[in-house]
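Quick notes on the structure that follows.
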Amino acid sequence: MRLLIIILLFIPSLEGLPQDFQSLLDSALSSEKNSITYFNEARKRITTGDDSLNYLFVKTRRAFQDQVADSTLYYGSRFLEHSNIDKIPNKCVLVSRWISRTQLDLGVYEESLTYAQQALAWAKKANDINAVAYQLADIAIIYHEFKDFAKGVEYGKICFITAVEGGADSNHKAYCLNAIGINFDDWNKPDSALTYHFKIFELDPVPDSLDIKFTFNNIGNTLMKTHQYVKAEQYLLAALRLAQKGSNYYSLAGAYTNLGQLKTKQKNFRQAKIYFDSALHYSLESQSLEKIRDTYFDLYTFNKERGTLREALDYQDKFYVLKDSIFRTERLKTVSELETKYQTSIKDKQILEQHTELKEKEDQFNKAVMVGVFLIVLVGMLVIILLLNKSRFKRKQELLEKELEIQLQEASIQAALSSQELERKRFAQDLHDGMGQLISSLRLLLGNIDSDSSMESRVAVVSKSEKIIDEMQKEIRGIAFNLMPQTLIQFGLVPALKEMALRITSSGQVMVSVISFDVPERLSEIQEISLYRIIQEWVNNVLKYAKAPKIEVQLVGHEKELSITIEDTGKGFDTHVLEQGSGNGWRNIMSRVKLIQGELEIDSSPKRTGTTLIIRVPLEGVVKERQVQGKGLKNTQ
């Protein structure tokens, strides 16, 4: 009897869990401080595919609610990838809408429009008239951001007609009218804009003021454009009071911006600055690149109007840098970044599958323990303890292996992200230091031309302007080459390396030569980009640290592999420094070599001159270039 009591004390309790799976997700969505804890606990209890989808849905909703763009896009994409539109159309509509709104805030308008149209199709499939109206209004707003106001008005009118005929509620009809009004407003048709904005107050029933606070803001903005400043201030102050009742930073930024513009037009610069300072604060809090960009431009205009030109130029630079970033950053991601995200998605999927498998094993183990209670009486305490120790050891080993795998994965991701961030900073700096200054110079130069200028002075200004434009063209070509050489895309690795060598050699400080023999005409896309970036990074390091007068790059194709040798005549170094260093350059090289399943060797010493780097990459299914006559050796210096 004592033996049985002792045994039962060792059996883990399977009852008394604090919350079920859905309750944990509800708590994760509503909790202010313990959201992560609830999500982690809910993830441990995923047992079915429906549980996984519900988990991803709530994660996406919470991320969108907290305005965390990366998490919204990541979890939302995974949800849509694995969901069944026929079973849960309403959830698919919401997730597509959240992704669309997030992409709109990031300035990625093409992706925003794609997800908005997808959400519209699913809303129609779900036969939800309010959701259909909402998506049509969203599409009209996206076209407004595209500056395609005619298309925006067209979709806004389709939205209102659909909402009226389908019996949508007043709030969604107001969204449609608002979309029409803001497109007319920025289309420089204020009378039409006011007509549609005031129609919102004619809806039956009239929506609650908090639900249509944007209407007061838009009416005030349009009245301001028509110089009706007294009426405009009344509506703008009403919009501000309504925005302050909520916690929408985007709406607060818009309200303060419009009041700042109004006071600027009234030459009340002191009050205007107070409003603009608040607008900038809430724009940054909203994390909306589009709103931050517009606020920078408004601050540029304000400072220019009141005569503080230095501050005006500072905000003008910030505006152009952010404007270019919005339209180009997402389109200039490298293949390496895409591959990293793809591999990360696969790893996360594997972890989720392994977690489900562990859950099933855990359930089987618990059942085995319950059966073991009866077997323990027969086989004795020794067998029970042995089995438990063995099981615990096995689980501990599995957890340790998984933890190590996750740490390695996180380290790889961190290195890739750090590299991408450095590249973005360099790109922004190039635009700011090069193009920004040239544009400012051109603007100041052209500003010297007025009606009293003589013909000789105008000709001189035009001549100087042509030189600046030539410099701008060279600057753009240099930036484009650093981001992704067109020669690499169109003609392959060897021509791109030769172009790079010619650019470096033309500086007159070092001679770089590229020699190729029996190299395939084209490699796979990932091989060409990875090898080009590896060679570019290594050559840059040689130029920076080795001070070599000559660098030679040799590419030799074999039956099953490509061999690349980079030799320089500069200072040698201790190769152990690379492994112990904290920089991202060497880690990026090793990451790319691993990505294309290559091998790398370095021969160097601080006691002698010269360093040799050898890279071997397997070749599969590529067409070899035609060998030249004689030795078949091609050399470009």
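The values are calculated or read from the model by the stated rules, or taken from the named source; none is laboratory data. Since we're looking at a predicted model, the values are computed, not measured. In this analysis, Cβ positions are derived from the backbone assuming ideal geometry, glycine residues included, and neighbour counts consider all displayed protein chains. These accessible areas exclude ligands, DNA and RNA; they are computed on the full protein's heavy atoms, side chains included. Shrake-Rupley method; radii C 1.70, N 1.55, O 1.52, S 1.80 Å.
Quick notes on this one:
A quick yes/no check of all residues on (1) over 19 Å from ASN178 (Cβ atoms); (2) modelled with pLDDT under 90:
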| residue | (1), (2) |
| --- | --- |
| THR114 | yes, no |
| GLN117 | yes, no |
| LEU120 | no, no |
| ASN130 | no, no |
| ALA133 | no, no |
| ASP138 | no, no |
| GLU145 | no, yes |
| GLY152 | no, no |
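- Comparison of LEU120, LEU106 shows that the only residue that is of a type in the set (A, V, I, L, M, F, W, C) and in contact (Cβ under 8 Å) with a residue 40 or more places away in the chain is LEU106.
- Pairs where the first residue, in segment 238-252, is more than 9 Å from ASN217 (Cα to Cα) and the second is outside any helix (DSSP H, G or I), C-beta under 6 Å, 6+ apart: TYR250/SER288
- Any hit, segment 306-320, residues being touching a residue at least 60 places away in the same chain (Cβ under 8 Å) and under 26 Å from GLN67 (Cα atoms): yes
- Of the listed requirements (1) part of a helix (DSSP H, G or I); (2) within 20 Å of the chain's Cα centre (by Cα); (3) modelled with pLDDT under 90; (4) not hydroxyl-bearing (Ser, Thr, Tyr), GLN67 misses just one: (1).
- Residues in segment 27-45 that are touching a residue at least 40 places away in the same chain (Cβ under 8 Å) and either buried (at least 19 other Cβ atoms within 10 Å of the Cβ) or assigned to a helix (DSSP H, G or I) (or both): ARG43, LYS44.
- In segment 64-85, residue surrounded by the fewest Cβ atoms within 10 Å (Cβ to Cβ) [restricted to those that are touching a Cys at 6+ places or on another chain (Cβ under 9 Å) and touching a residue at least 24 places away in the same chain (Cβ under 8 Å)]: ILE85
- Just one of the listed residues (ILE529, ILE515) is within 28 Å of the chain's Cα centre (by Cα) and touching a residue at least 24 places away in the same chain (Cβ under 8 Å), namely ILE529.
- Considering segment 615-637, and only residues there that are modelled with pLDDT of 50 or more and out of contact with any helix residue (DSSP H, G or I) (no Cβ under 9 Å at 6 or more places or on another chain), the residue that is surrounded by the most Cβ atoms within 10 Å (Cβ to Cβ) turns out to be ARG616.
- Qualifying residues in segment 263-309 (those that are in a loop (DSSP other than H, G, I, E, B) and of a type outside the set (Ser, Thr, Tyr)) - the one nearest to GLU145 (Cα to Cα): GLN287
- Within segment 262-290, the set of residues being under 23 Å from the mean Cα position of the chain (by Cα) and open to solvent by 30 Å² or more (accessible area, probe 1.4 Å) comprises LEU280, HIS281, TYR282, LEU284, GLU285, GLN287, LEU289.
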